[in-house]
Amino acid sequence: MEFGPRPPESQGPPLVGLMRRTPLRPGKPLRRKTRLNPVNTKRRQSEVERAYGEVAYRVWGSMQPCCACGRVPTQSSPNHNAHIKPRGEPPSGMGRKAGKEWLVTLCSDCHEQYHKHGEKAFELHHKIDLDLMAAARWCRWRERDGQG
């Protein structure tokens, strides 16, 4: 099978590296060339706990009113727990979410706007400071939990 006409020698070297691929044969399983690392479920669970907090904190946070528009959640449509990037804090690692102390409660519409426009534009539009909102939410939880 040819891949089209070859260029004349005057236009440069011939195409090198093109090879005909054969279709997959039925009944032959696909095999990886390298092994996948096993998932460490304990580490994954501890990362969820670090980033989102315990289950009671997540449920409590999703039932708080939206910090941008004030929408009160219902049982059928709870609010979202959105992470913000704390300003002035050293980064905790690439690809890692901020800790549970940096969660704010946003309704689904505000959460979509937050991701679409970015944190600074979102704060300017709603005239709020998400860092202060996250700190206030964390303090309310600690007082409610008896640790404040």
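Among the residues making up region 95-118, a single one is assigned to a strand (DSSP E or B) and among the hydroxyl-bearing types (Ser, Thr, Tyr): 105.
Regarding region 94-104, can at least one residue be identified that is surrounded by 10 or more Cβ atoms within 10 Å (Cβ to Cβ), in contact with a strand residue (DSSP E or B) (Cβ under 6 Å, 6 or more places away or on another chain), within 18 Å of residue 119 (Cα to Cα) and at pLDDT below 85? Checked against the condition, which is being surrounded by 10 or more Cβ atoms within 10 Å (Cβ to Cβ), in contact with a strand residue (DSSP E or B) (Cβ under 6 Å, 6 or more places away or on another chain), within 18 Å of residue 119 (Cα to Cα) and at pLDDT below 85, region 94-104 yields at least one hit.
Applying a threshold of 8 Å to beta carbon distances and a minimum spacing of six or more residues, or different chains, the list of pairs starting in region 43-57 at a residue that is touching a residue at least 40 places away in the same chain (Cβ under 8 Å) and ending at one that is among the aliphatic types (A, V, I, L, M) reads 51/98; 52/103; 53/103.
Does residue 88 count as at pLDDT below 85, more than 19 Å from the chain's Cα centre (by Cα) and either among the hydroxyl-bearing types (Ser, Thr, Tyr) or under 23 Å from residue 132 (Cβ atoms) (or both)?
Taking the combined requirement at face value, the residue satisfies it.
Evaluated against (1) surrounded by fewer than 18 Cβ atoms within 10 Å (Cβ to Cβ); (2) at pLDDT below 90, residue 136 falls short on exactly one condition, (2). Of all residues in region 54-79, those satisfying the criterion of being assigned to a loop (DSSP other than H, G, I, E, B), under 15 Å from residue 136 (Cβ atoms) and out of contact with any Leu (no Cβ under 8 Å at 6 or more places or on another chain) are 64, 65, 70.
The values are calculated or read from the model by the stated rules, or taken from the named source; none is laboratory data. The shown structure was predicted, so the numbers you read here are calculated from the model rather than taken from an experiment. When we count neighbours, we look across all protein chains shown, and the Cβ atoms used for this are built from the backbone with ideal geometry, even at glycine.
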